[in-house]
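Please read the structure below before turning to the comments.
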Amino acid sequence: MLDDRKKRILQAIVDEYVSTAEPVSSSCITKKKGLDYSSATIRNEMSELEKSGYLEKTHTSSGRIPSVKGYRLYVDELLKEDNISIDEIKFIKEKLQTKVNQIEDLMKIATNTLSEVTHYTTVAIGPKVTKQIIQEIKFVLLGSRMLMVVILTDTGMIKETIINFEEDVYENQIQTINLLFNKKLQGKPLEQINEPLEEYFYNEMESSANMIKAIIDQLNKLIYEETKLYLEGTNKSFDLPELRKAETARNFINILENKTEVVDLLDSEFAKDINVYIGEELDDENLKDFSIITLKGEDSELGTIGIIGPKRMNYSKVISVMRYIQNLIDQGGI
């Protein structure tokens with residue numbers, strides 16, 4: 001456990017490094033308001049923080065930078081969540097009050113807004129589709145062997161697909177299927193389409209067994225299709241000093257191209273509220289120089305939004321903006 005003085009000095013070092021991207025010296029910290037310690041005291045405390053693993057010394061400077069351990073303590077105990085200006089609040093409100101027809105639209109707007117305010121790359125995935133409630137399933141015959149299926153959920157999401165059959169399909173069969181599917185699935189989560197429904201429908205429509213199986217198979221493909229990942233502000237990251245290094249820039253490109261690690265974090269069942277993952281904590285070579293902050297509202301149907309940036313991220317700014325967006329959405333302020 002660090003005493004109050006060491007915590008205040010660590011906090012000042014993180015804030016300074018985030019602001020300047022330059023290793024921090026004791027003389028720089030001595031000038032900070034609110035730190036009424038002598039330069040000798042600060043030097044000694046910085047040395048102790050380094051020995052304890054909270055700071056690292058660079059090879060090119062006598063200054064120090066925060067380690068993953070230092071950033072973790074800062075995030076967990078020291079940062080302030082009020083790092084958001086009146087102008088930023090006004091901008092966020094105006095953007096999120098844009099009329100949207102679907103949850104996906106709101107998510108895209110929120111993702112873009114977060115990137116605009118923080119100047120980092122923002123990624124997002126929509127709400128977990130399988131948990132959404134079926135309001136209506138509509139089957140429309142487009143031809144003698146072609147059927148369109150439309151699913152409307154409680155979030156306003158619409159999923160649709162086309163099914164082709166090897167045999168003719170008749171209008172009276174479609175009317176029966178409409179009644180049966182809605183009777184069985186209306187008001188239930190989408191994941192229940194993956195339940196063993198075939199036997200139920202076979203008993204009701206034995207003559208259309210092959211058609212029923214084809215429909216259920218296609219609906220499962222539709223619902224469990226690959227998660228869509230939305231990206232905003234990628235170009236902003238390449239303006240950061242860290243990405244001037246070829247290896248770091250290459251790792252960042254690999255992250256954006258692969259996406260697997262990011263999707264796993266955003267889609268994690270354990271992710272609630274705001275979560276911060278720093279550098280080596282991510283256990284991925286491509287992510288060793290980066291941090292990811294995710295926002296997943298417990299009651300919100302927004303999905304999950306994440307920020308990717310260097311370990312020298314402005315955690316206070318990002319978390320303050322995320323918290324404001326979360327509160328605005330969860331409290332129905334849009």
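The values are calculated or read from the model by the stated rules, or taken from the named source; none is laboratory data. Predicted model, so just to flag it, every value in this text is computed and none were measured. Note that each Cβ is placed from the backbone with ideal geometry, even for glycine, and that neighbours are counted across all protein chains shown.
Things worth noting here:
- Sole exception among (1) under 18 Å from residue 279 (Cβ atoms); (2) under 27 Å from the mean Cα position of the chain (by Cα) for residue 87, by number: (1)
- Where a residue in the stretch 97-110 is within 19 Å of residue 324 (Cα to Cα) and at pLDDT below 65 and its partner, wherever it lies, is of a type in the set (S, T, N, Q) and buried (at least 16 other Cβ atoms within 10 Å of the Cβ), with Cβ under 6 Å and at least six apart: 103/155
- Residues that are within 24 Å of residue 241 (Cβ to Cβ), in a helix (DSSP H, G or I), at pLDDT 85 or above and in contact with an Asp or Glu (Cβ under 9 Å, 6 or more places away or on another chain) occur at least once in the stretch 44-59.
- Which numbered condition residue 110 misses (of (1) assigned to a helix (DSSP H, G or I); (2) surrounded by fewer than 17 Cβ atoms within 10 Å (Cβ to Cβ)): (2)
- Unique residue being touching a helix residue (DSSP H, G or I) at 6+ places or on another chain (Cβ under 9 Å), in a helix (DSSP H, G or I), among the β-branched types (Val, Ile, Thr) and at pLDDT below 80 when the list is 325, 334, 329: 329
- Filtering the stretch 26-43 to residues that are over 15 Å from residue 70 (Cβ atoms), assigned to a helix (DSSP H, G or I) and at pLDDT 85 or above leaves 26, 27, 28, 39, 40, 41, 42, 43.
- Residue list for the stretch 82-92, filter: modelled with pLDDT of 90 or more and either loosely packed, with under 14 Cβ neighbours inside 10 Å or assigned to a helix (DSSP H, G or I) (or both): 85, 86, 87, 88, 89, 90, 91, 92
- Beta carbons closer than 8 Å, at least 6 apart along the sequence or on distinct chains, pair a first residue in the stretch 37-49 that is more than 10 Å from residue 6 (Cα to Cα) with a second that is in a helix (DSSP H, G or I) and hydroxyl-bearing (Ser, Thr, Tyr) for 37/30; 38/30; 39/26; 39/27; 39/30; 43/26.
- Taking the stretch 172-187 as the range and being under 16 Å from residue 213 (Cβ atoms) and of a type in the set (D, E, K, R) as the test, only 184 passes.
- Residue among 229, 197 that is of a type in the set (A, V, I, L, M, F, W, C) and at pLDDT 65 or above: 229
- Of all residue pairs spaced 6 or more apart or on separate chains, those with beta-carbon atoms under 6 Å, a first member in the stretch 232-249 that is at positive phi and a second member that is surrounded by 12 or more Cβ atoms within 10 Å (Cβ to Cβ) are 233/115; 233/121; 233/122.
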